[in-house]
Amino acid sequence: MATKIRSSNQLYVDTSLDVNAQKIVNLAAGTVAGNAVEYAQMNAAINNAIAGAGNSIHEPVADLTAIKAITVTDTLVNGVVTVGGRTDKMILLVEALGLYRFDAESLAVSNDGSVIRPTDVASDAAAGRWLKMSSILTDHSLLDNILGNGGYHLSLAERDKLTGIEAGADVTDAGNVGAAIAGAPTKAAPVDADEIAMVDSAASWSLKSITWASIKATLKTYFDPIYQAALGYTAENVANKDASGGYAGLTLFKINFKNVANTFTSFFTNSNTAARTYTFPDRTGTIADDTDITGAKARANHTGTQLASTISDFNASALAAAPAETATTIGNLINAAAQKATPVDTDMIAVMDSAASNVVKKMSFANLKSLWWAAITGDVTISAAGVATIGALKVATGMIAANAVDNTKLAQMATMTIKGNNTGGAANPADLTVVQVKTMLGLTAQAGQTRTYNAVPTGTIDGVNANFNIAALCATGSVVVYKNGLRQNPGAGNDYTVNTAANPAVITFLTGNIPIAGTYPDVILVDYSA
């Protein structure tokens with residue numbers, strides 16, 4: 001039987017309590033600070049910490065799909081949380097993404113990276129986001145190489161410095177800078193706004209930029225004196241000019257210029273190849289005043305001709321004497337002109353040329369006739385509406401009256417021909433020969449030239465054979481017999497036989513095909529040739 005220690009009040013132990021390797025049983029769960037924690041309570045606390053219960057830490061997950069799948073509700077197995085639900089301020093490590101904290105009030109726009117919205121949060125309009133705190137560690141064995149600020153983590157300043165480095169950036173030493181310049185695209189001709197890098201020796205060799213316009217201006221200032229000395233001339237001293245732009249006290253001077261071909265010196269620029277000297281005449285030096293100018297302008301002093309355009313009232317006077325022509329005045333001139341009954345080829349007709357800005361031009365009557373004839377030459381065609389077209393010229397409806405085209409207007413025909421169409425379809429009329437006409441009519445060589453159609457033979461019906469006398473029709477030649485409009489088949493054993501050697505010649509119908517006599521007799525017709 002186990003030994004029990006009972007106390008109506010508290011049990012005080014001055015030194016360590018030795019339980020002689022035995023466990024304490026029937027221990028109640030601790031409730032306040034200083035209480036012992038029994039096994040189940042301690043185990044639950046540890047599991048809650050691992051599983052994330054109590055707004056603490058969630059067990060790690062693998063990837064984006066796993067973190068989005070974490071819901072609000074915890075899953076309990078035997079009273080222990082096995083899959084922790086998310087709660088506000090919870091910390092979670094995602095192996096493929098990094099460290100995240102859950103903010104139940106966040107409405108940040110999700111991007112499946114720095115801001116992740118769980119699957120059970122319907123949209124970005126609903127609150128609840130996993131917010132990224134730290135990136136993933138991809139080096140599992142060299143974490144101690146990430147040193148900064150004397151420890152194993154970077155300071156904010158060090159982090160910001162690293163963040164500011166471009167992707168793929170290299171150390172900017174002289175070699176790398178030179179290689180970058182050598183690999184840059186080439187520009188053939190710089191413009192004034194282009195900038196060139198330079199090192200400012202007057203500012204502690206700091207890197208600065210200078211425009212191409214500034215470089216040109218600086219070089220000009222530097223080289224102008226050098227060019228002047230080399231070419232033997234001195235730049236113009238603008239300060240010596242007076243208000244009029246001339247030089248005070250200058251009485252004799254010489255100016256030299258090169259010509260365009262750069263072959264000789266001349267006062268004027270020109271393309272001549274020979275040197276020439278220009279002599280300026282002497283002048284009295286008197287300056288003309290207003291009186292001199294007025295006298296020069298007076299017409300009475302003009303000894304030569306004067307352009308009409310320089311006379312102020314010339315245009316008005318000229319137009320008053322001969323007004324400008326208009327369509328009305330030209331029309332009146334034409335109406336008042338004498339008539340000519342029959343024009344000749346050399347007569348001219350006024351034409352407005354629409355292809356040359358409506359300029360008036362002339363056309364000979366011969367050319368007009370030629371153009372008109374070219375327009376009307378060709379076949380005459382008449383449409384269903386009665387519009388006649390002659391060649392390329394369309395004329396009004398009814399231009400060709402009925403019965404107006406006689407035989408003399410048709411093309412002449414060859415001897416012994418007939419107008420017709422012997423083709424198998426619609427075609428233009430042709431001049432058919434006698435042979436072509438006979439072929440169309442069935443007048444073959446056997447039929448001869450005197451074929452007769454649908455003659456009624458004479459004869460008798462004897463009850464046995466129907467004998468028809470055809471001596472009056474033909475004695476020789478071909479015979480075709482029709483009964484009731486159907487062509488009969490001649491020859492022995494067929495519908496009928498023909499005996500042209502008999503006297504008289506007869507057609508005999510065989511037994512079984514004898515024509516019927518009486519009220520409704522058969523109709524016998526014969527096509528024959530003499």
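Quick check on my filter: what residues within the stretch 138-188 are polar (S, T, N, Q) and either within 26 Å of ASP63 (Cα to Cα) or modelled with pLDDT under 75 (or both)?
First pass over the stretch 138-188, keeping only residues polar (S, T, N, Q): 138, 141, 145, 149, 155, 163, 172, 176, 186.
The answer is THR138, SER141, ASN145, ASN149, SER155, THR163, THR172.
Anything in the stretch 207-232 that is under 28 Å from ALA174 (Cβ atoms) and either touching a Cys at 6+ places or on another chain (Cβ under 7 Å) or among the aliphatic types (A, V, I, L, M) (or both)? List them, or say none.
Result: LEU207, ILE210, ILE215, LEU219.
How about the stretch 321-346: which of its residues are exposed (fewer than 10 other Cβ atoms within 10 Å of the Cβ), among the β-branched types (Val, Ile, Thr) and within 55 Å of the chain's Cα centre (by Cα)?
Scanning the stretch 321-346 gives THR326, THR328.
Would you confirm whether or not the stretch 86-109 contains a residue that is assigned to a loop (DSSP other than H, G, I, E, B), modelled with pLDDT under 90, surrounded by 14 or more Cβ atoms within 10 Å (Cβ to Cβ) and of a type outside the set (A, V, I, L, M)?
Looking through the stretch 86-109, at least one residue is assigned to a loop (DSSP other than H, G, I, E, B), modelled with pLDDT under 90, surrounded by 14 or more Cβ atoms within 10 Å (Cβ to Cβ) and of a type outside the set (A, V, I, L, M).
Restricting to the stretch 207-243, and then to whatever is at pLDDT 85 or above, of a type in the set (S, T, N, Q) and surrounded by 10 or more Cβ atoms within 10 Å (Cβ to Cβ), can you tell me which residue is farthest from GLY178 (Cα to Cα)?
Per the stated criteria, the residue is THR218.
The values are calculated or read from the model by the stated rules, or taken from the named source; none is laboratory data. Because the structure is predicted, anything quoted here is derived from the model rather than measured. Cβ coordinates were reconstructed from backbone atoms using ideal geometry, including for glycine residues, and neighbour counts include every protein chain displayed.
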